Each structure stands twice: as C-alpha cells, then as structure tokens.
Amino acid sequence: MDDLPDGWTAIEVKQDFTVTLFVFSWALLPVGFMVLMALSTRYAQHRITLAAVAWLMLVLAFATGVGQRRSSLLEPRIQLASASLVSAGTALGLLWGLDMDAWWWVAYGLIFGTVATMYVGLNHLASCNAPVLRTPWSAQTPLPLDAVTSWDIQHGRWTNGRMGSHRFSDGGICTLYGSVDNETTYLCLEALTPAPATPPYSDWGLEFSAFIAASSTDLSDE
C-alpha cells in the first residue's frame, strides 16, 4: 500500500466471524444428513423437511457474516452465494407448495451448491482486513462531487451510514460512509479487500486532497 493520504488516518476494521463459523458448521450437520438421504431411499418423506432445516441454518450463517460489512452484497462472490441461496429457497418453496416431492434432487443440488459458494464468499469476506480511512467531517459540508469519479453517490451530504460506493478494476468494493465517534463526525472509506491486495490510492477514483480542503474550510469557519 501507498503512504496514507495527508489528512486521513487508518483504523482497524471491526469484524468477528466466530458466530458465522459456528452457525455454518452446525448447518453442515443437516447437509451431511442430506447426503445420506440422497444415497438412501429410507425416510424419503422427510427429504424436503431436512433440506428446509439446512437451508434456514445456511441463511442464518450467511446473514451473520454479510451483515458485518457495508456493501458486502455488492461483492461478486457474495452475490453468487446470494443467488444460490435464493434459488435453493425458491426451489424448496415450489416443491413444498406444489407437492412435488419427486423433484427433491433439484433442491438438494442447489443446497449443495450453496454450501460451496457460501464458503468461498464468506471466506473471502473474512479475509478483507484492509484498514478504514477516515477524516473529520462537518455534517453540513457537502461532498466535493467534482473530486469523485466513477463513484455511485447516494448522498451528497454527510449521513450516518453509507453515502456511496466504488468498484475497483479487480471487482473489489470501496464504500464511502459517515460515522460518529465520541461526538465527532467522520467521513470514512472502507475497501472490502484483503490488506495486501488493496489497490493503490491513485486507483480509488477520488481526490483525497480535495476532501481535506473542503473539510478544512468548513471546520475553520465553525
């Protein structure tokens, strides 16, 4: 990584995937029974019920992981896992609602695929430990939009939450958001990438100095 831009400080990202790992490991238990059910004709009437239990536990594991990071649903690996999870849930709903137990193997295949895509996606998410950059920012100061290129900006003024996002050339996501710490408002940049793979600041699509200039002007006026 390059040296920090002037006026910006780096703070450690806060995430803990212990609960996610715990729930995901328990979700693998009914998935393991699904493998046995797929190879045997015994208790065939419980195939869909078992698949539904496994799916619900996978949803819980997915939510505990994805909910920890801003814009995680914009990450390609997480999007693939989301699509797989939704497809499996849709298949289960149709099989149960239309009484199509003979097609149980469709839901089983989708759930097995969901386990694989979730593992890849959540493992990548847990490895995204790039530090967050932040700088003090007045809530009344508008963003210098002329200093932001290739960004999707949702809020042009400070808000306590996500304000915009940017996709790096390698598919990674960077999020612009506002936060409050000890009654001080900050503007933060969070790159959803592993620290060693974080692109240089010149590829972040914004002029760091323009943000500092805008912030310094308003803070001095106050």
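Report whether or not residue 36 is of a type outside the set (Val, Ile, Thr), assigned to a helix (DSSP H, G or I) and modelled with pLDDT of 95 or more. Reasoning before the result, please.
Details: of a type outside the set (Val, Ile, Thr): yes; assigned to a helix (DSSP H, G or I): yes; modelled with pLDDT of 95 or more: no.
Considered against the rule, which asks whether it is of a type outside the set (Val, Ile, Thr), assigned to a helix (DSSP H, G or I) and modelled with pLDDT of 95 or more, residue 36 comes out as no.
Over 22 Å from residue 76 (Cβ atoms) and either surrounded by fewer than 14 Cβ atoms within 10 Å (Cβ to Cβ) or not hydrophobic (A, V, I, L, M, F, W, C) (or both): is that true of residue 215 in this structure? Give the derivation first.
Numbers: over 22 Å from residue 76 (Cβ atoms): yes; either surrounded by fewer than 14 Cβ atoms within 10 Å (Cβ to Cβ) or not hydrophobic (A, V, I, L, M, F, W, C) (or both): yes.
Answer is yes for this residue.
Residue 77: modelled with pLDDT of 90 or more, surrounded by 13 or more Cβ atoms within 10 Å (Cβ to Cβ) and of a type in the set (Lys, Arg), yes or no? Before the answer, list the steps.
Details: modelled with pLDDT of 90 or more: yes; surrounded by 13 or more Cβ atoms within 10 Å (Cβ to Cβ): yes; of a type in the set (Lys, Arg): yes.
The answer is yes for residue 77.
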Exercise for review: Please go through the range 92-105 and pick out each residue that is hydrophobic (A, V, I, L, M, F, W, C), surrounded by fewer than 16 Cβ atoms within 10 Å (Cβ to Cβ) and part of a helix (DSSP H, G or I).
Suggested key: 94, 96, 102, 103, 105
Exercise for review: Restricting attention to the range 163-209, report how many residues are in a loop (DSSP other than H, G, I, E, B), in contact with a helix residue (DSSP H, G or I) (Cβ under 9 Å, 6 or more places away or on another chain) and charged (D, E, K, R).
Suggested key: 2
Review point. If we keep just the residues of the range 16-59 that are surrounded by fewer than 19 Cβ atoms within 10 Å (Cβ to Cβ) and among the aromatic types (Phe, Trp, Tyr), which is nearest to the chain's Cα centre (by Cα)?
Key: 17
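Got a sec? Which of 135, 117 is surrounded by 15 or more Cβ atoms within 10 Å (Cβ to Cβ), touching a residue at least 12 places away in the same chain (Cβ under 8 Å) and closer than 16 Å to residue 208 by Cα? Before you say what the answer is, go through the steps one by one.
Working: 117 fails: closer than 16 Å to residue 208 by Cα.
That would be 135, the only listed residue that is surrounded by 15 or more Cβ atoms within 10 Å (Cβ to Cβ), touching a residue at least 12 places away in the same chain (Cβ under 8 Å) and closer than 16 Å to residue 208 by Cα.
Look through 42, 77 and report the one residue that is outside the structural domain of residue 192 (by TED's automatic domain parsing), basic (Lys, Arg), under 30 Å from residue 162 (Cα atoms) and out of contact with any Leu (no Cβ under 6 Å at 6 or more places or on another chain).
Values: 42 fails: under 30 Å from residue 162 (Cα atoms).
Exactly one of 42, 77 is outside the structural domain of residue 192 (by TED's automatic domain parsing), basic (Lys, Arg), under 30 Å from residue 162 (Cα atoms) and out of contact with any Leu (no Cβ under 6 Å at 6 or more places or on another chain), namely 77.
The values are calculated or read from the model by the stated rules, or taken from the named source; none is laboratory data. The structure displayed is predicted, hence computed values, not measured ones. Quick reminder, even Gly has a Cβ in these numbers, built from the backbone with ideal geometry, and neighbours come from all protein chains shown.
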